[in-house]
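The structure appears below as structure tokens.
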Amino acid sequence: MKVLIIVEQTPTGYSAYSPDIDGCVATGASREEVEGTMREAIEFHLEGLRAEGQAVPVPHSYATFVEVAA
């Protein structure tokens, strides 16, 4: 299952969230770290949903770029 995550640089490292998985966030000192931590957070979150008998969200977001006059 592929899940879109948004990674943002912060003054102290990086943070990440997924627009498709409400409330699931992660932080890390590097891009690699935050991506790994986010992967683990999503897996843990989905395991919790399954354990509670809740539906796993179906990813529906995507990313793209648009050109604008600068």
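The values are calculated or read from the model by the stated rules, or taken from the named source; none is laboratory data. Since the model is a prediction, treat every value here as computed from it, not as a measurement. Virtual Cβ from ideal backbone geometry, glycine too; neighbours counted across all protein chains shown.
Within segment 28-57, the only residue that satisfies the criterion of being touching a helix residue (DSSP H, G or I) at 6+ places or on another chain (Cβ under 6 Å) and more than 18 Å from MET1 (Cα to Cα) is GLY28. For segment 41-48, check the following and say yes or no: at least one residue is in contact with a strand residue (DSSP E or B) (Cβ under 8 Å, 6 or more places away or on another chain) and at pLDDT 95 or above. Yes; the residues of segment 41-48 include at least one that is in contact with a strand residue (DSSP E or B) (Cβ under 8 Å, 6 or more places away or on another chain) and at pLDDT 95 or above.
Taken as a whole, the structure places VAL7 among residues that are of a type in the set (Val, Ile, Thr), in a strand (DSSP E or B) and touching a helix residue (DSSP H, G or I) at 6+ places or on another chain (Cβ under 8 Å). Considering only segment 30-70, how many residues are within 20 Å of GLY13 (Cβ to Cβ), free of Cβ contacts under 8 Å to residues at least 12 places away in the same chain and of a type in the set (Asp, Glu)? The total comes to 1.
Contact annotation: no residue pair with Cβ atoms under 8 Å, 6 or more positions apart or on different chains, pairs a residue in segment 1-25 that is modelled with pLDDT under 95 and surrounded by 12 or more Cβ atoms within 10 Å (Cβ to Cβ) with a partner that is outside any loop (DSSP other than H, G, I, E, B) and charged (D, E, K, R).
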